[in-house]
Amino acid sequence: MKFNKKLKNINTYEAGKPIELVVREFGIEPKDIIKLASNENPYGCSPKVQDAVAATLPNMALYPDDSMMKLKDALAKKYEVGKNNLIIGSGSDQVIEFIMHAKADENAKIVINSVTFAMYEIYARHVGAEVIRTQSQEHNLDEFYELYKRENPDIIFLCTPNNPTGDAIDAQALLEFLHKIDNDTLVVVDCAYMEYAAYKESAKKITPKELVDRFENVIYLGTFSKAYGLGGMRVGYGISSENIIQELSKLRPPFNITTLSLEAASVALEDEAFVNSCIALNFDEMKRYEAFANEKQIDIIESYTNFVTLCLHEMHKSTQICDALLRQGVIVRDLSGYGMNAIRITVGTKEQNSRFFELASVLL
Ligand SMILES: *Cc1c(COP(=O)(O)O)cnc(C)c1O
């Protein structure tokens, strides 16, 4: 059977191995498996969210509120933007997909960082667009600007803090960069981990209002999958000019967010205290990874997120290290596919991290 030619060279996105698969492959008990591979919040979500979702269960027969009024009101209030500046996706992944289909086709050019979130390229390939990468591992805005001048791209993706390296762009530098970009180029600022960066260092904090007030051609992306602890509910959002939101909305399938997910996300936004306590714990625990790396003389990239990236010594191969950890029930991310001999570890709970150090101190 023939398929769309554009799909030919796409590798299926490899998500962090689910616990279920490790149970089946290695016969390890689910309780002995620790997943530190997908940057989920190890403390889960606010108990208030669980109660609200439970209370919503009887409403499952009806289609969700497709205007998403409750969630949009909550987001508009939190970020001080209008409801018409918002689009909600089944994860911010879906918003990235809308962006790609709204702006790019097989003649389009997309500029992304050399090492960054894999989905930008996969969605670009869906539409047959050309993907151009920078050289530097960390976001270098001068280099992005050079590529912009040379290639006149349709979309630029910036990811701050960046996945999978954890570094973040300075907010001031970002604003200066955006001022130099013409209105025809759409700039996506993917802030999946912004809650962490903003907590750690105010100079890294980017607010959607600042972007929307100043730029017609910029979209801010956020998600409930990371700091809010709702990866399983699949809710993300884009914040941009009304014009861009209107175009993206043409691509949104009806009822793309379930009733339970809408409720969970709305209530999660109300419990800032819960999220902040998780973030504080995250950075406390991260110090242990820094100490571990220091002790082992392993390079660790300074992280503004809930994960750390260890750049391994040459004698250790990231694929083998990940495999050895997996066989003992600890799932982490191998970055060899990104051309790095490195592993990315989600900062877990105290106990989870202790288990990682126990195994890793033997392997590394
Ligand atoms: C996790 C992540 C997302 C999106 O996650 P969703 O679960 O689809 O909301 C987007 N960008 C980056 C960089 C991420 O790490």
So, in segment 326-362, how many residues would count as being over 24 Å from the mean Cα position of the chain (by Cα), modelled with pLDDT of 95 or more and of a type outside the set (D, E, K, R)? 6
Exactly one condition in (1) in a loop (DSSP other than H, G, I, E, B); (2) without any contact (Cβ under 8 Å) to a residue 40 or more places away in the chain; (3) touching a strand residue (DSSP E or B) at 6+ places or on another chain (Cβ under 9 Å) is false for P153; which is it? (2)
Would a scan of segment 83-97 turn up a residue that is aliphatic (A, V, I, L, M) and open to solvent by 20 Å² or more (accessible area, probe 1.4 Å)? no
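Only one residue in E80, E20, E29, E25 is touching a residue at least 40 places away in the same chain (Cβ under 8 Å) and acidic (D, E), so which one is that? First the steps, then the outcome.
On the way: E20 fails: touching a residue at least 40 places away in the same chain (Cβ under 8 Å); E29 fails: touching a residue at least 40 places away in the same chain (Cβ under 8 Å); E25 fails: touching a residue at least 40 places away in the same chain (Cβ under 8 Å).
Just one listed residue meets the conditions, E80.
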When the residues of segment 221-236 are narrowed to those that are within 9 Å of the chain's Cα centre (by Cα) and small (G, A, S), which ends up nearest to the ligand (Cβ to nearest atom)? S225
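Report yes if S202 is away from the ligand (no atom under 15 Å from the Cβ), over 27 Å from D66 (Cα atoms) and surrounded by fewer than 22 Cβ atoms within 10 Å (Cβ to Cβ), otherwise no. Break it down into steps so the answer makes sense when it comes.
On the way: away from the ligand (no atom under 15 Å from the Cβ): yes; over 27 Å from D66 (Cα atoms): yes; surrounded by fewer than 22 Cβ atoms within 10 Å (Cβ to Cβ): yes.
Spelling it out, S202 is indeed away from the ligand (no atom under 15 Å from the Cβ), over 27 Å from D66 (Cα atoms) and surrounded by fewer than 22 Cβ atoms within 10 Å (Cβ to Cβ).
Yes or no, residue by residue, for (1) without any contact (Cβ under 8 Å) to a residue 60 or more places away in the chain; (2) hydroxyl-bearing (S, T, Y):
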site	(1), (2)
D190	no, no
A198	yes, no
E210	yes, no
R214	yes, no
L221	no, no
Y228	no, yes
F283	no, no
Picking from D190, D142, D184, D170, which residue would you name as being surrounded by fewer than 23 Cβ atoms within 10 Å (Cβ to Cβ) and either in contact with a helix residue (DSSP H, G or I) (Cβ under 7 Å, 6 or more places away or on another chain) or closer than 29 Å to D271 by Cβ (or both)? D170
Note on I257: of the conditions (1) open to solvent by less than 50 Å² (accessible area, probe 1.4 Å); (2) touching a strand residue (DSSP E or B) at 6+ places or on another chain (Cβ under 8 Å); (3) not in a loop (DSSP other than H, G, I, E, B), unmet is (3)
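Rundown of residues vs (1) assigned by TED's automatic domain parsing to the domain that holds S92; (2) within 16 Å of the ligand (Cβ to nearest atom), yes/no style:
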{"residue": "S241", "(1), (2)": "yes, no"}
{"residue": "P253", "(1), (2)": "yes, yes"}
{"residue": "S261", "(1), (2)": "yes, yes"}
{"residue": "R288", "(1), (2)": "no, no"}
{"residue": "I300", "(1), (2)": "no, no"}
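Report yes if K2 is exposed (fewer than 10 other Cβ atoms within 10 Å of the Cβ), without any contact (Cβ under 8 Å) to a residue 24 or more places away in the chain and not in a loop (DSSP other than H, G, I, E, B), otherwise no.
On the way: exposed (fewer than 10 other Cβ atoms within 10 Å of the Cβ): yes; without any contact (Cβ under 8 Å) to a residue 24 or more places away in the chain: yes; not in a loop (DSSP other than H, G, I, E, B): no.
It is false that K2 is exposed (fewer than 10 other Cβ atoms within 10 Å of the Cβ), without any contact (Cβ under 8 Å) to a residue 24 or more places away in the chain and not in a loop (DSSP other than H, G, I, E, B).
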Just a yes or no: is a residue in segment 327-345 in contact with a Gly (Cβ under 7 Å, 6 or more places away or on another chain) and within 27 Å of A203 (Cα to Cα)? no
Sole miss for P161 among (1) crowded, with 20+ Cβ neighbours inside 10 Å; (2) away from the ligand (no atom under 12 Å from the Cβ) is condition (2)
Quick check: anything in segment 156-179 at pLDDT 95 or above, over 29 Å from F307 (Cβ atoms) and not assigned by TED's automatic domain parsing to the domain that holds S303? yes
Within segment 259-316, the residues that are within 20 Å of E138 (Cα to Cα) and among the charged types (D, E, K, R) are E290, D299, E302
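The values are calculated or read from the model by the stated rules, or taken from the named source; none is laboratory data. Bear in mind that the values here come from a model prediction, so they are computed numbers and not experimental data. Positions of Cβ are backbone-derived with ideal geometry, glycine not excepted, and every protein chain shown enters the neighbour counts. SASA here: full protein model, heavy atoms, side chains in, ligands and nucleic acids out. Shrake-Rupley method; radii C 1.70, N 1.55, O 1.52, S 1.80 Å.
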